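S.K.: Sharing a structure with you now.
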Amino acid sequence: MYVPHQFRFKDNAEMVAFMKKYSFATIVTVKDNIPVATQLPFSIDDSNGKLLLTAHFAAANEQAKYIEGNTSLVIFNEPHAYISPVHYDKKESVPTWNYIAIHAYGKARIVTDEQAVTNVLEQTILFYDAAYMEQWNSLPDKFKKGMIRGIVAFEIAVTDLQGQKKLSQNKTAVEKQRIIAHLEKSENSVETAIADYIREL
């Protein structure tokens, strides 16, 4: 990822926090020199001194066949917003886009043990919908085993983490305030989220 100096994250902890907040990501793997991609919800665990990303494919998804033999790229990117040059002091300005993105690289390990696959599912439930766990626990074992047979669970040990937060850091305080004021008026929650991030800088 090309990251100009002023758009860098301060550290990995800040990137991990962003990944946990915006954890629906795109996993990209290469098959016969052609990239293939799937959008998946990820669980992010950095509790043991290393960064693990856990998710699962539908069993019919062919991409699962290629993730162990190749390095995968998982892209976390949300929110983003178009920035018009009308907010800048100089007339000779061009449009741009503010956004936040993280690229996580690593090789995947497919989880095959039935209990471990169950743990992946339950980890996903706890991460996204803890209130559903009571209902999940009440489901028949036959139904759960059917769910497990229908997925390919995997985890990626992240070996390289790159990130960029392009939030008008190269603009003046007055210009940034204009941008924030404009985005705050938007009915699009993604744009108002970018306004919040600019303000936090």
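S.K.: For Lys166, which lysines qualify as cross-link partners when the Cα separation must be under 22 Å and same-chain residues fewer than eight apart are set aside?
M.R.: Here the lysines satisfying the reach criterion relative to Lys166 are Lys10, Lys20, Lys21, Lys90, Lys91, Lys176, Lys185.
S.K.: When the convex hull of the C-alpha atoms of segment 51-139 is computed, what volume per residue in Å³ does it have?
M.R.: On the way: hull volume 16.1 nm³, N = 89.
Spread over its residues, the Cα hull of segment 51-139 gives 180 Å³ apiece.
S.K.: Quick check on the chain: helices-only [θ] at 222 nm, where DSSP H runs of length 4 and up contribute -39,500 (n - 2.57) each and the sum goes over total residues. Nearest 500, please. Before the final figure, lay out each step's value.
M.R.: Details: 6 runs with 64 residues, N = 201.
Here the helix-only value at 222 nm equals -9500 deg cm²/dmol.
S.K.: Calculated from the structure, Rg/Rh (Cα atoms, Kirkwood Rh) equals which of (1) 0.97; (2) 0.94; (3) 1.05?
M.R.: Computing Rg/Rh (Cα atoms, Kirkwood Rh) and matching it to (1) 0.97; (2) 0.94; (3) 1.05 gives (3).
S.K.: Averaging the inverse of every distinct alpha carbon separation and then flipping it gives the Kirkwood radius. What is it for segment 91-156, in angstrom units?
M.R.: Details: mean 1/r = 0.0667 Å⁻¹.
After inverting the mean inverse Cα-Cα distance, the result is 15.0 Å.
S.K.: Further question on the same structure: Let a ≥ b ≥ c be the square roots of the eigenvalues of the Cα gyration tensor of segment 101-201; is it rounded (a/c under 1.5), or, if not, prolate (a/b larger than b/c) or oblate?
M.R.: Working: a/c = 4.84, a/b = 2.11, b/c = 2.29.
Oblate, because a/c is 1.5 or more while a/b does not exceed b/c.
S.K.: Still on this model: Full-extension gain between Ala37 and Phe127, please, as 0.36 nm times their residue separation minus the C-alpha to C-alpha distance.
M.R.: Numbers: separation 90, 0.36 × 90 = 32.40 nm, distance 2.28 nm.
30.1 nm is the gain from fully extending Ala37 to Phe127.
S.K.: Using the Kirkwood formula over every pair of different C-alpha atoms, what hydrodynamic radius in Å results for segment 39-88? Before the final figure, lay out each step's value.
M.R.: Details: mean 1/r = 0.0695 Å⁻¹.
Across segment 39-88, the inverse of the average 1/r is 14.4 Å.
S.K.: Among the DSSP beta bridges whose two residues both lie in the chain, what percent are antiparallel, rounded to the nearest 5?
M.R.: Details: 45 of 45 bridges.
For the chain, the DSSP antiparallel bridge percentage is about 100.
S.K.: Taking just the alpha carbons, could you work out the radius of gyration and Dmax for segment 4-98, both in angstroms?
M.R.: Answer for segment 4-98, Rg first and Dmax second: 17.7, 54 Å.
S.K.: Same structure, new question: Going highest first, how would you order 77-89, 160-172 by mean Cβ packing within 10 Å? Don't skip to the answer; put the middle values down first.
M.R.: Values: 77-89: 16.2, 160-172: 17.8.
Packing order, densest peptide first, comes out as 160-172, 77-89.
The numbers here are math on the coordinates, done by the rules we state, and not lab data. Computed from a prediction, not measured in an experiment: that's the story for all the values here. When we count neighbours, we look across all protein chains shown, and the Cβ atoms used for this are built from the backbone with ideal geometry, even at glycine.
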